[in-house]
Amino acid sequence: MIGAIEAGGTKIVCAVADRKELPRVAERISIPTRTPEETLPKIVSFFKQYPVEAIGIGSFGPIDVNQDSSTYGFITNTPKLAWRNFDFLGAIRAAFDLPYFWTTDVNAAAFGEQQYGAARFAKNSIYITVGTGIGGGVILNGKVMEGRGHPEIGHIYINQLASDPFEGNCPYHSNCLEGLAAGPAIEVRAGQKAEQLNATDALWQIEAHYLAQACVNYTLSFAPEVIVFGGGVMKQTHLFPLIQEQFQMLLGGYMETTAVESFIVPCKLRDNAGIVGSLALAEQLI
Ligand code: ADP
Ligand code: ZN
């Protein structure tokens, strides 16, 4: 069997699967993310029940993915203080001496969508989630892209529209994509939750424009075959045609992509992408 851990800020999902039955999950549990001292024993006792051969971990970040670093496997500068500079991989490894794939939650989701979801059959794909924040993963030639660290493609700079006076709410950058286009940014502008906003509201045009700018930048940087969007905000399916139209206009025909309707698409695995991707990453280790 193979195992997966999807560690999020509010809950940690652990799952096991039969290697031959992927993407079917055999068993799973969801544990509230409290302190490491409280949460880790629950993770360990879950996996103790199964003959697990490898584990894929997709964690909230930022995390250290540099194998040459002395803090490889650590959650680093997170606002969740109990988890800051915590050796997450080391703690799991101390319980189970197995092969591990250690990466971010969004990289795991990107891999899941590529293996079993909306980016299936693509060798190069991008996954972006637009929710409380914006994060994404890049798959190049079938592999999760990581360099000295993991990319942070939700924080790229955006050319702000003159018609949009909002100053952005990322504490690090005023006009990055996350600060301008994540759910809370929509909420500040609208004075109500994004999910309550009418589909015809002009704010969606602004939202689509910024997401289209991001797609152009990702396309120019990584030449993917497909860009997959997930996250709560993207449940507004009327955004897709708006993003596709803006994308074509902004790219200006400079680079060839497949038809835009199949180039910028919604995710298929939804809440399962991270866990399925982590399982698939574990499976590749065997
Ligand atoms: P998280 O990012 O915390 O994992 P979500 O992906 O659900 O969780 O993102 C939450 C954000 O998405 C909130 O800002 C919320 O207002 C927004 N959101 C959730 N559902 C919808 C929806 N159906 N339409 C528009 N925005 C939504
Ligand atoms: Zn930012």
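Which pairs, out of 80/123; 20/123; 42/235; 11/235, put more than 26 Å between their alpha-carbon atoms?
Working: 80/123 35 Å; 20/123 22 Å; 42/235 32 Å; 11/235 21 Å.
Distance filter (> 26 Å) returns 80/123; 42/235.
Of the options 216, 182, 121, report the single residue whose Cα projects farthest towards the positive end of the charge dipole of the stretch 118-267 (beta-carbon charges: Lys, Arg +1; Asp, Glu -1).
Towards the positive end, the residue furthest out is 121.
Could I have the simple spin-label model distance between residue 22 and residue 91, label points 7 Å from Cα toward Cβ, reported in nm to one decimal?
Distance between the two pseudo-spin positions: 2.6 nm.
With a cut-off of at most 15 other beta carbons within 10 Å, and DSSP calling the residue loop, which trypsin sites (Lys or Arg not before Pro) in the stretch 1-105 qualify? Please list them. Before the final figure, lay out the partial values.
On the way: sites: 11, 19, 20, 24, 28, 34, 42, 48, 80, 84, 93; in loops: 24, 34, 48, 80, 84.
Answer in residue order: 24, 34, 48, 80, 84.
Please give the length that would be gained between residue 44 and residue 286 if that part of the chain were fully extended, namely 0.36 nm times their separation in residues minus their C-alpha to C-alpha distance (nm, one decimal).
The span from residue 44 to residue 286 would gain 85.0 nm if fully extended.
Could you tell me how far the Cα centroid of the stretch 153-201 sits from the Cα centroid of the stretch 1-80, in Å?
So the two Cα centres are separated by 31 Å.
Give me the dipole magnitude in Debye, nearest 20, for the chain about the Cα centre, with unit charges on the beta carbon: positive for Lys and Arg, negative for Asp and Glu.
540 debye
Net charge within 12 Å of residue 229 by Cβ-Cβ distance, Lys/Arg positive one each and Asp/Glu negative one each, not counting residue 229 itself? Write down the numbers at each step before the final one.
On the way: positive: 235, 268, 270; negative: 113, 207.
Here the count lands on +1.
Using only DSSP helix segments of four residues or longer, with each worth -39500 (n - 2.57), what per-residue ellipticity at 222 nm results for the chain after dividing by its residue count and rounding to 500? Let's see the in-between values first.
Numbers: 9 runs with 93 residues, N = 286.
Computed ellipticity for the chain at 222 nm equals -9500 deg cm²/dmol.
With a sphere of radius 10 Å drawn around the Cβ of residue 268, what net charge do the other residues whose Cβ falls strictly inside it have (Lys, Arg +1; Asp, Glu -1)?
Values: positive: 120, 270; negative: 113.
Spelling it out: positives minus negatives among the neighbours equals +1.
Provide the gained length on full extension for the span residue 35 to residue 53, in nm with one decimal, where the gain is 0.36 nm per separating residue minus the Cα-Cα distance.
Values: separation 18, 0.36 × 18 = 6.48 nm, distance 2.68 nm.
Between residue 35 and residue 53, full extension yields 3.8 nm more.
Along the charge dipole of the stretch 132-286, which of 237, 257, 285 sits closest to the positive end, that is, farthest toward it, with unit charges on the beta carbon of Lys, Arg, Asp and Glu (+1, +1, -1, -1)?
So the residue furthest toward the plus end is 285.
Putting +1 on Lys and Arg Cβ atoms and -1 on Asp and Glu Cβ atoms, find which of 9, 71, 49 reaches farthest to the positive end of the dipole of the chain.
Sorting the options by dipole projection puts first 49.
Which of the aspartates and glutamates could a cross-linker bridge to residue 48, judged by Cα under 13 Å and excluding same-chain residues fewer than eight apart?
Candidates past the 8-residue exclusion: 27, 97.
Please report 237, 219, 33 as a ranked list, fewest other C-beta atoms within 10 angstrom at the top and most at the bottom. Before the final figure, lay out each step's value.
Details: 237 9, 219 20, 33 17.
Starting with the residue having the fewest Cβ neighbours, the order is 237, 33, 219.
Take the Cβ-Cβ distance between residue 174 and residue 220 as r, set R0 to 22 Å, and report the resulting FRET efficiency rounded to the nearest 0.05. Working shown, then result.
Working: r = 23 Å, r/R0 = 1.05.
Between residue 174 and residue 220 the formula returns 0.40.
Laboratory data are not the source of any read-out in this text; all were calculated from the coordinates shown. Worth saying up front: this structure is predicted, and the values here are computed from it rather than measured. Positions of Cβ are backbone-derived with ideal geometry, glycine not excepted, and every protein chain shown enters the neighbour counts.
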